[in-house]
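What follows is a short report on a single structure.
The values are calculated or read from the model by the stated rules, or taken from the named source; none is laboratory data. Everything numeric in this text was worked out from a predicted model, so none of it was measured. A quick note on method: Cβ atoms are made from the backbone with ideal geometry, for glycine too, and the neighbour counts reach across all protein chains shown. The accessibility values were calculated without ligands, DNA or RNA, using every heavy atom of the protein model including side chains. Shrake-Rupley method; radii C 1.70, N 1.55, O 1.52, S 1.80 Å.
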Amino acid sequence: MIDFTLSPELEAIRGRIRTFIREVVRPIEERIDESDRRSLVEGVVEMRTRAREEGLWLPHMPPEWGGMGLGHVELAMVQAEAARSRYGSFAINAQAPDEGNMHTLLHWGTDTQKARYLRPLCEGVMRSCFAMTEPEVAGSDPTLIRTRAYPDGDEWVIDGHKWFISGANGARFAILICRTEDDPEMPKAANTAFIVDLPAEGWNQVREIETWHGPHGHAEIVIDGLRVHGDQMLGGRGQGHMLGQYRLGPARLAHCMRWIAQAETALDMMVDRSLKRFSHGSLLAEKQGIQWMIADSAMDLYQSKLMVLHAAYRIDRGDDFRSEVSMAKHFVANALNRIVDRSVQVHGALGYSKDTPLADLALNARWARFADGADEVHQMRIAERAIAAYRDHGSTAAATGNLPI
Ligand SMILES: Cc1cc2nc3c(=O)[nH]c(=O)nc-3n(C[C@H](O)[C@H](O)[C@H](O)COP(=O)(O)OP(=O)(O)OC[C@H]3O[C@@H](n4cnc5c(N)ncnc54)[C@H](O)[C@@H]3O)c2cc1C
């Protein structure tokens, strides 16, 4: 039975996060000058100090790692609250890519690796990155990865090329996915993950890629004769693909939780504007064409929330969640783009200006449809599972959430 009622304890956590974002994070954000790195760092440190004092720290990690020990359904609620502000998820140390790397290290790391990398990430004194995508081959198909690691005594020597590595600039370590096997039994068993201490000789950041959203955040890296000790392997040899998939399930859903907050901001703004703007004898809110946009957006958001909560519920129960996470990721990414676009439309010229958060939301929303699995690749996998379910059971029901209707 799925029950969406929050326990009084969780209702209290949600209230505390909401108040924290409104009363602590937002005022600090308003003081941050993003062109000044020092102002940004100081602002984030101040938010984090307050978050720790208030016990709103690491919602996704177990208490023994200093976290709040929430399940994924509970996390959905906390992430969606935190993402109502730009730096909310940083404030509670639950931002990408560190959040996904923490899950990965917790699950795959040795005790030594956990002590050396997971502990400082949890304490917020280190940042990390995850390096998989390459410019020369389709990131959608990790079996094509060319960055190559060769064994050399106790060490591995790595050559290759990565790009769009979020947070690489200033990261203290990378989880790097490389090809290690020439002729694996299965194409998916060709890659291996290594933890690379940064900075490192042979790891050359050649630029920060200028994106729609600005010049910072995502780096291009040329790897040339990088040496890592065999102890730095994360998971087993040939398990890099599995590790990436394990990491991406909850990480994709965490993106959806943040996108829901952004979509809700855009819908709130759309309604607010429509109640204030008057044209051709009535408020925009009274015009059917505008009501359709509001209604379509409300339905998009409702479906997004249900899909995310249900996928999170399946993860918490230990059920197979791959189709549900794929469907949620695809749907929420597209819903976010639709809702933000409608909100821009209702705002007219104001929506196209940088006077409101809509420009920022629109530029950010576009990558949601291809990063962490492009729409078409998720559709391919969803269709494969629907066809397999029909073949195996004479019904597609198992591939549509396995719900009681
Ligand atoms: C803001 C941002 C942050 C990122 N951060 C990271 C990071 O931290 N670390 C990292 O490793 N990577 C990162 N990436 C890269 C991201 O993971 C890749 O963009 C993504 O995996 C897609 O790979 P690609 O760009 O090579 O596109 P491609 O794989 O070349 O795909 C391009 C398009 O081809 C189509 N396509 C591909 N395969 C199929 C198929 N089988 N069927 C039908 N159509 C298909 C889709 O339309 C797809 O959008 C980031 C990207 C962005 C934009």
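Please work out the C-alpha center-to-center distance from segment 268-303 to segment 362-382 and express it in whole Å. Cα centroid to Cα centroid, the span is 27 Å. Solvent-accessible surface of the chain, averaged per residue with a 1.4 angstrom probe and all protein chains in place: 49 square angstrom.
Helix 8-20 and the longest principal axis of the C-alpha atoms of the chain enclose an angle of approximately 90°. Site pair Gln303 and Glu155 shows an inter-label distance of 5.4 nm when each label is modelled 7 Å from Cα along Cα→Cβ. Scattering from segment 128-234 was approximated by placing one identical point on each alpha carbon and applying the Debye formula without solvent; log10 I(q)/I(0) at 0.13, 0.20 1/Å stands at -0.44, -1.01. Within segment 133-155, find all residues whose amide N lies under 17 Å from a label point positioned 7 Å from the Cα of Asn204 along Cα-to-beta-carbon. Zone members listed by number: 135-136, 147-148. Largest first and in whole Å, the equivalent-ellipsoid semi-axes of segment 8-95 read 23, 13, 10, each the square root of five times a Cα gyration tensor eigenvalue. Relative contact order for the chain: 12 percent, from Cα pairs under 8 Å spaced at least 6 residues apart, divided by residue count. Between Arg119 and His280, what's the calculated FRET efficiency when r is the beta-carbon distance and R0 is 45 Å? Round to 0.05. Here the calculated transfer efficiency is 0.15. Using Cα-Cα distances under 8 Å and only pairs 6 or more residues apart, what relative contact order does segment 226-382 have, in percent? Across segment 226-382, relative contact order equals 26 percent.
Per-residue extension of 0.36 nm, minus the Cα-Cα distance of Thr110 and Val377, leaves a gain of 92.9 nm for this segment. A simple spin-label model places the labels of Tyr352 and Arg391 5.0 nm from each other, with each point 7 Å out along Cα-to-Cβ. Largest accessible area first, the listed residues Glu324, Glu155, Glu123, Glu264 line up as Glu123, Glu155, Glu264, Glu324 when surface is computed with a 1.4 Å probe on the assembled protein chains. Taking the C-alpha atoms only, the angle from helix 322-347 to the longest principal axis of the chain is near 40 degrees.
Axis of helix 240-276 versus longest Cα principal axis of the chain: the two differ by about 20°, to the nearest ten degrees.
Only the Cβ atoms of Lys and Arg (+1) and of Asp and Glu (-1) were treated as charged; on that basis the dipole of segment 8-95 about its Cα centre amounts to roughly 120 debye. Approximating the spin labels as points 7 Å out from Cα along Cα→Cβ, the Gln345-to-Leu144 distance works out to 3.4 nm. About its Cα centre, segment 115-189 has a charge dipole of approximately 540 debye under the convention of +1 per Lys or Arg Cβ and -1 per Asp or Glu Cβ, with nothing else charged.
Taking the Cα centre of each part, how many Å lie between segment 215-245 and segment 22-78? So the two Cα centres are separated by 28 Å. The residue list Gln303, Gln245, Thr211 was ranked by how far each Cα lies along the charge dipole of the chain toward its positive end, using unit charges on Cβ atoms, and Gln303 comes out on top. The largest accessible area among Glu201, Glu53 belongs to the first residue in Glu201, Glu53, and the rest follow in falling order (1.4 Å probe, all chains).
Counting protein heavy atoms only, the chain has 53 percent of its accessible area on carbon and sulfur, 1.4 angstrom probe.
The reciprocal of the average 1/r between distinct C-alpha atoms defines the Kirkwood hydrodynamic radius, which for the chain equals 22.6 Å.
Can you tell me how segment 206-267 classifies by the Cα gyration tensor, rounded, prolate or oblate, using a/c under 1.5 as the rounded cut? It comes out oblate by the Cα gyration axes.
Of all the options Arg342, Arg369, Arg277, the one that moves most in a Gaussian network model of the chain with Cα springs shorter than 10 angstrom is Arg277.
In deg cm²/dmol and to the nearest 500, what is the mean residue ellipticity at 222 nm of the chain if only DSSP H runs of at least 4 residues count, each as -39500 (n - 2.57), divided by the residue total? Result for the chain, helices only: -15500 deg cm²/dmol. Who wins for biggest fluctuation among Met233, Met299, Met257 in a Gaussian network model of the chain, springs between alpha carbons below 10 Å? Of Met233, Met299, Met257, the most mobile in the Gaussian network model is Met299. Ordering Val344, His330, Tyr313 by Cα displacement along the dipole of segment 313-376 toward the positive end leaves Val344 in first place; charges were set at the Cβ atoms of Lys, Arg (+1) and Asp, Glu (-1). Using the Cβ-Cβ distance between Val137 and Leu40 with R0 set to 51 Å, the FRET efficiency works out to roughly 0.90.
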